[in-house]
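Taken together, the values in this text are just the output of simple stated rules run on the coordinates, not laboratory data. Just so it is clear, the structure is predicted and the values come from calculations on it, not from any experiment. Note that each Cβ is placed from the backbone with ideal geometry, even for glycine, and that neighbours are counted across all protein chains shown.
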Amino acid sequence: MLTDEFTSAVRSLYVPEMGTEATAPLLYWLIRAIRPRRVLEVGMGYTTPFLAQALRDNADAVARERELLGSEQSRVEQPMAHAGYYEQPYEPQLVCVDRMTDPNSSAPRALPVLDGLGLSDVVHVIEGDLRGSSGEVRDRFGLVDLAWIDTWDTLAFLREYWQLIDPAGGMLAMHYLMTYPEGRAVQAYVRSLGRLDGGRLEITNLCEPHKTGQNSVTLVRRIRDYAEPEDLRPQGAANDPTGVLGELPVEVR
Ligand SMILES: C[S@@+](CC[C@H](N)C(=O)[O-])C[C@H]1O[C@@H](n2cnc3c(N)ncnc32)[C@H](O)[C@@H]1O
């Protein structure tokens, strides 16, 4: 969890000009919500322990929920639990790529902080340029569930790593593509990749309106091969508590 101990351990990694003060906890909670198994970070620093801690907390939560499944207690604590979800093992891993050459970056200092927080076993670091490192990422993961990219080389990343993002719901989070022309060009490139996926791509820009730079996160979700599981709720298709289905035109029901 993002305890006081965690917050004080990671404080030394925070570099104001990197602008990830809100993004780091945002990524933590994104991971807590979508529970990815294979996470890739390109551009380490303050964000790194947030990603690793989220995976550790997810693993602890899954273990605890698995034990609770079917018990009286679970009806109170996780009344919407999806039993099928717990059939797969959950042993998440974070792979980080960083060339460790930026004197302003706290990337090299992230490693001892991870150690101190007992998170090193969740993290594998590839020290080197992102260009040419995708093969190692592929060997380790196959496909990636969530990639977080925080460098000026986002275009090079997209060219080399796009096919590693799982087309069945894999997500990509990119820092600071809004409010400057080159960032907008990268976004246009992402949309062109989306056309290759037959338009099956979801994109959301989150802007921090009080900042002039390092002020956005762009979230992309590949859904080319994603099939939503239907009617997980016990009532199934008959469930229409608000009556909205009856009000929709027949062709969109
Ligand atoms: C903006 S900083 C990352 C900030 C970090 N996410 C944080 O929250 O503090 C960018 C990092 O990316 C790394 N980097 C930049 N270009 C790279 C490349 N082409 N390949 C690998 N690492 C790169 C730098 O060494 C630096 O550590």
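List, largest first, the extents of the alpha carbons of region 101-162 along their principal axes, each in whole Å.
Largest first, region 101-162 extends 35, 28, 17 Å along its Cα principal axes.
Enumerate the amide H contacts of L201 below 5 Å, restricted to partners 5 or more residues apart or on another chain; note that Pro and chain-start residues carry no placed amide H.
The list, which skips near neighbours in sequence, is I223.
Can you tell me how much longer the chain between L219 and E91 gets when fully stretched, taken as 0.36 nm per residue apart minus their C-alpha distance, in nm with one decimal?
The L219-E91 span can extend by a further 43.7 nm.
Tell me which of V190, S133, S71 sits at the most positive position along the dipole axis of the chain, charges placed on C-beta atoms (Lys, Arg +1; Asp, Glu -1).
The residue sitting farthest along the positive end of the dipole is V190.
Quick one: Karplus J couplings for region 208-216, per residue in order, coefficients 6.51, -1.76, 1.60, θ = phi - 60°, nearest Hz, x for Gly and Pro?
9, x, 8, 10, 9, x, 6, 10, 7
Restricting to the chain, what percent of DSSP beta bridges are antiparallel, rounded to 5?
40
Positive end of the dipole of region 4-252, charges at C-beta (+1 Lys, Arg; -1 Asp, Glu), about the Cα centre: which of A168, A33, L119 has its Cα farthest in that direction?
The Cα lying farthest towards the positive end belongs to A168.
From the P(r) of region 1-160, could you give the percentage of C-alpha pairs in the tail past 23 Å?
Considering region 1-160, 40 percent of its Cα-Cα pairs are separated by more than 23 Å.
At 0.36 nm per residue, minus the direct Cα-Cα distance, what do E72 and Y180 gain on full extension? Give it in nm, one decimal, please.
Full-extension gain reported as 33.5 nm.
Kirkwood Rh and Cα-based Rg: tell me the resulting Rg over Rh for region 66-172, rounded to two decimals.
We get a ratio of 1.08 for region 66-172.
Could you tell me the extents of region 151-253's C-alpha atoms along the three principal axes, largest first, rounded to whole Å?
That works out to 50, 34, 24 Å along the principal axes.
Using only C-alpha positions, report the orientation-averaged shadow area of the convex hull of region 179-237, nm², one decimal.
In nm², the orientation-averaged hull projection of region 179-237 is 6.2.
Taking H as built 1.01 Å from N, whose amide H comes closer than 5 Å to the amide H of L177, not counting residues under 5 places away?
It is S216, T218, by chain and number.
Could you check the simple spin-label distance between A81 and Q163, using points 7 Å along Cα→Cβ, in nm with one decimal?
4.1
Could you tell me the calculated FRET efficiency between E17 and D57, based on Cβ-Cβ distance and R0 = 25 angstrom, to the nearest 0.05?
After rounding to 0.05, the efficiency reads 0.30.
Subtract the Cα-Cα distance of D139 and A33 from 0.36 nm times their separation in residues, and report this length gain in nm to one decimal.
35.5 nm
At most 15 other C-beta atoms within 10 Å and a DSSP loop state: those are the exposed GluC sites (Glu not before Pro) I care about. Give me the longest piece of the chain that has none.
It runs 22-229.
Test of the criteria: in region 137-201, which chymotrypsin sites (Phe, Trp or Tyr not before Pro) are in a DSSP loop and have at most 14 other Cβ atoms within 10 angstrom of their Cβ?
Passing sites in region 137-201 are W152.
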